[in-house]
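Visitor: Below is one structure. I have some questions about it.
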Amino acid sequence: MPVSEEILASLAWAPNVPPPSLPRQERLRRIRHSASHIMAQAVREIFPDAKLAIGPPIENGFYYDMELSRNLTDADLPEIEKRMRKIVARDPQFLHSTLARPKAVELFREWKQDYKLELLAGIADADVSLYKQDRFLDLCAGPHVAQGGICGHFKLLSLAGAYWRGDEHRPMLQRIYGTAWETAAELDEYLQFLEDSKARDHRKLGTQLDLFSFHPWSGGCAFWHPHGVTVREELRRLWRETHKKAGYVEIMNPVIYRKELFETSGHWEHFRDDMFLIQETNAEGKTEATMALKPMNCPDTHLYYKSRQHSYRDLPLRISEGQLLHRNEPMGTLHGLMRARVFSQDDAHIFLHEDQVQEEIERIMELLRHIYSFFGLRYTLTLSTKPEKAMGAPELWEKAEAGLRQALAATGLEYTVDAGGGAFYGPKIDVMVHDSMGRKWQCGTVQLDFNLPRRFELEFIDRDNQPRTPVVIHRVLFGSVERFLGILIEHFAGALPTWLAPVQVVVLPIAEGQDEFARSVAARCDERGLRAEVALATTKISYRIREAEMHKVPYMLVVGKREAESGAVSLRTYQEKDRGVVALDAVLDELVAKNRNRTLDVAIKDYTQLFRTEELATPETAY
């Protein structure tokens, strides 16, 4: 009798009994982990000599890495799925057992499962955990579902290559990706989400909407087209108007500095590898880096502060700056507008007295709420504390972290803690934006800094006529303006709110005889401060309407002979489609009001519920 049969006969299998009332995310994790085992079982039925590596659950799905006798193609996935469905239909019970590690080594060695043997070599425990369903057994710590029938709502998605433990000197394994959900409706919605994600890619939409483009020679930086510049400027206008009302002043500084600036700020030590350095040849003929393009605005804003003397009466001094910044990001990490080497931030630095910190952070959080409301963006907060590599005295860090906690408590806003996630000069509040695709993006940040003011020897004259060192709050609300716009494009699926759209109105004459009237309508729009274009009657009206909809223009004004005679327009909007004949003045008044109020008039498919962590109802299925 083979050794494996003796070992298997000695095993005592127990039903896998998950605890009751599991959170949704944990239920999904078990479903996906179990689906990966079912997939491995199906593959073994097709390739009996398959060597299995690992098959974990991942965000929104699962995968399994394996070594097979031939390379898989997408044409193999339907057959694997078919076999998986047969396994699921049998509703196999997931059973658990333990085995002495030496016996497990004998078992998997006889089965020629080399990757499992390597995993066993890294386990120090005397006993190892095994799970099985049907006749399929795997080395696994779990957790799993009770019955395989629960895993019926799945789909295999793609194939990829993967090196075992990242070792490029070993043969590449084949990885099969899949997804699994609790219900058929959730699976269908997720598959739609994947298709929608491709269509919403801001790089694709940027080209479609003629906002920006990319060229290999630019090193991953965007070329901003006229329509893209318009959208950027509208975001800037919102930023400038709100900040002026909130008491900020705007400055403009150089973008190239000698290294002494960054040595003083600490960036030369902590951030030099991410900076674009400028080489100079000294008197001895040696080349060395003596200057750099600035990667952030804080060091030189401190120089601006030092340009004159300050009194406590000047504080809080709120200074904003929004110039282009440059960071030497690795080429492999660049991703359109989301991560670029050249970008701008809606930066501000607030110089203040220690006793003003709490009130000022409350003001910032209210300004943040106000600006995000124009886009319908939800957000959560994270307190990021002292990192391992930090500068400054420990007591200053303690004081700064206490100040942020106190300010957050005063706002009543909930937050999580990211231990060690702070900047090298101070802790911060990170703002995580939640978009309609269920994703989170770190955009805004509020950093409390006791260190840089001391390094730059900043002072103000206090009430007792004595010099004091101010505290500095570094903060952004959009973060990178370019990245924020990329998020908005994907969040709105390219259909920006009317106030932000690059072209708000397109006027479409039905025939050439109405071209002149169409131009007069566009001129009326221009007089009211609206962004309008005319799509002349060079092609069929139906074609031009489709073109306008493809460019997601909010308002389409169709004019023919009847409209020209009555002074009305046939109104069609991207959101509501045909609205019939409407007086031109009424349409213009509606548009002007939307501009003035920055109305959020976009309805989009929102996948937030699909990726929720909270419950909608108490599940009855035993997991």
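The values are calculated or read from the model by the stated rules, or taken from the named source; none is laboratory data. Keep in mind it's a predicted model, so treat the numbers as computed, not measured. FYI the Cβ positions are ideal-geometry reconstructions off the backbone, even for glycines, and counts take in every protein chain you see.
Visitor: May I ask you to say which residue of ARG363, ARG378, ARG272, ARG308 is among the charged types (D, E, K, R) and within 22 Å of the chain's Cα centre (by Cα)?
Guide: Being among the charged types (D, E, K, R) and within 22 Å of the chain's Cα centre (by Cα) holds for just one of ARG363, ARG378, ARG272, ARG308, which is ARG378.
Visitor: What tally of residues in the stretch 253-267 results from selecting those that are touching a residue at least 40 places away in the same chain (Cβ under 8 Å), touching a strand residue (DSSP E or B) at 6+ places or on another chain (Cβ under 7 Å) and not β-branched (Val, Ile, Thr)?
Guide: The number of residues fulfilling the criteria is 2.
Visitor: May I pose another question? Tell me whether the stretch 288-297 contains one or more residues that are under 30 Å from PHE375 (Cβ atoms), hydrophobic (A, V, I, L, M, F, W, C), touching an Asp or Glu at 6+ places or on another chain (Cβ under 7 Å) and surrounded by 17 or more Cβ atoms within 10 Å (Cβ to Cβ).
Guide: Scanning the stretch 288-297, I find no residue that is under 30 Å from PHE375 (Cβ atoms), hydrophobic (A, V, I, L, M, F, W, C), touching an Asp or Glu at 6+ places or on another chain (Cβ under 7 Å) and surrounded by 17 or more Cβ atoms within 10 Å (Cβ to Cβ), so the answer is no.
Visitor: Look at GLY444 and say whether it is within 26 Å of SER197 (Cβ to Cβ) and of a type outside the set (Lys, Arg). Give the derivation first.
Guide: Values: within 26 Å of SER197 (Cβ to Cβ): yes; of a type outside the set (Lys, Arg): yes.
Judged against the criteria, GLY444 is a match.
Visitor: Also: When both residues are 6+ apart or on different chains and their Cβ atoms are under 8 Å apart, which pairs have a first residue that lies in the stretch 84-113 and is farther than 30 Å from THR179 by Cα, and a second that is charged (D, E, K, R)?
Guide: Filtered contacts from the stretch 84-113: LEU99/ASP127; ALA100/ASP127; ARG101/ASP125; ARG101/ASP127.
Visitor: While we're looking at this one, here's another question. Can you pull out every residue in the stretch 501-525 that is among the charged types (D, E, K, R) and farther than 23 Å from GLU233 by Cβ?
Guide: Taking the stretch 501-525 and keeping what is among the charged types (D, E, K, R), we get 512, 515-516, 519, 524.
Once the filter is applied, which keeps residues that are among the charged types (D, E, K, R) and farther than 23 Å from GLU233 by Cβ, the stretch 501-525 yields GLU512, ASP515, GLU516, ARG519.
Visitor: From the list GLY247, GLY266, GLY219, which residue is small (Gly, Ala, Ser) and buried (at least 16 other Cβ atoms within 10 Å of the Cβ)?
Guide: Result: GLY266 is the single residue among GLY247, GLY266, GLY219 that is small (Gly, Ala, Ser) and buried (at least 16 other Cβ atoms within 10 Å of the Cβ).
Visitor: Output the number of residues of the stretch 9-25 satisfying the condition of being farther than 23 Å from ARG135 by Cβ and either loosely packed, with under 15 Cβ neighbours inside 10 Å or not assigned by TED's automatic domain parsing to the domain that holds VAL88 (or both).
Guide: Residues flagged as farther than 23 Å from ARG135 by Cβ and either loosely packed, with under 15 Cβ neighbours inside 10 Å or not assigned by TED's automatic domain parsing to the domain that holds VAL88 (or both) within the stretch 9-25 amount to 6.
Visitor: Only one of these is assigned to a helix (DSSP H, G or I), surrounded by 24 or more Cβ atoms within 10 Å (Cβ to Cβ) and among the charged types (D, E, K, R): GLU549, GLU516, GLU482. Name it.
Guide: Answer to the selection: GLU482.
Quick grid of which residues meet (1) touching a residue at least 40 places away in the same chain (Cβ under 8 Å); (2) of a type in the set (A, V, I, L, M); (3) crowded, with 21+ Cβ neighbours inside 10 Å:
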{"site": "HIS349", "(1), (2), (3)": "yes, no, yes"}
{"site": "GLU354", "(1), (2), (3)": "yes, no, no"}
{"site": "GLU359", "(1), (2), (3)": "no, no, no"}
{"site": "ARG363", "(1), (2), (3)": "yes, no, no"}
{"site": "LEU367", "(1), (2), (3)": "yes, yes, no"}
{"site": "ARG378", "(1), (2), (3)": "yes, no, no"}
{"site": "PRO387", "(1), (2), (3)": "no, no, no"}
{"site": "LEU396", "(1), (2), (3)": "yes, yes, no"}
{"site": "ALA400", "(1), (2), (3)": "yes, yes, yes"}
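Visitor: Give the residue that is nearest to ARG455 (Cα to Cα), with candidates limited to residues of the stretch 382-405 that are of a type in the set (Lys, Arg) and not in a loop (DSSP other than H, G, I, E, B).
Guide: It comes out as LYS399.
Visitor: From the list ALA518, ALA522, ALA495, ALA511, which one is more than 21 Å from VAL582 (Cα to Cα) and outside the structural domain of ARG313 (by TED's automatic domain parsing)?
Guide: Of ALA518, ALA522, ALA495, ALA511, the one residue that is more than 21 Å from VAL582 (Cα to Cα) and outside the structural domain of ARG313 (by TED's automatic domain parsing) is ALA495.
Visitor: What residue, of PHE492, PHE484, is out of contact with any helix residue (DSSP H, G or I) (no Cβ under 8 Å at 6 or more places or on another chain) and under 30 Å from ARG339 (Cβ atoms)?
Guide: Answer to the check: PHE492.
Here is a yes/no grid of residues against (1) charged (D, E, K, R); (2) under 16 Å from HIS96 (Cβ atoms):
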| position | (1), (2) |
| --- | --- |
| LEU11 | no, yes |
| PRO18 | no, yes |
| SER21 | no, no |
| LEU28 | no, no |
| ALA35 | no, no |
| GLU45 | yes, no |
| ALA50 | no, no |
| GLU59 | yes, no |
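Visitor: Being closer than 24 Å to ARG483 by Cα and touching a residue at least 60 places away in the same chain (Cβ under 8 Å) is true for just one of TYR305, TYR372, TYR312. Which residue is that? Even if it seems obvious, please write down each step before you answer.
Guide: Numbers: TYR305 fails: closer than 24 Å to ARG483 by Cα; TYR312 fails: closer than 24 Å to ARG483 by Cα.
After ruling out the rest, the residue left standing is TYR372.
Visitor: Conditions first: (1) outside any helix (DSSP H, G or I); (2) touching a Phe, Trp or Tyr at 6+ places or on another chain (Cβ under 8 Å). LEU408 passes all but one, so which condition is the exception?
Guide: With respect to (1) outside any helix (DSSP H, G or I); (2) touching a Phe, Trp or Tyr at 6+ places or on another chain (Cβ under 8 Å), LEU408 is out only on (1).
Visitor: Would you be able to say whether some residue in the stretch 407-420 is buried (at least 22 other Cβ atoms within 10 Å of the Cβ) and either in contact with a Gly (Cβ under 8 Å, 6 or more places away or on another chain) or of a type in the set (Asp, Glu) (or both)?
Guide: The answer is no; no qualifying residue exists.
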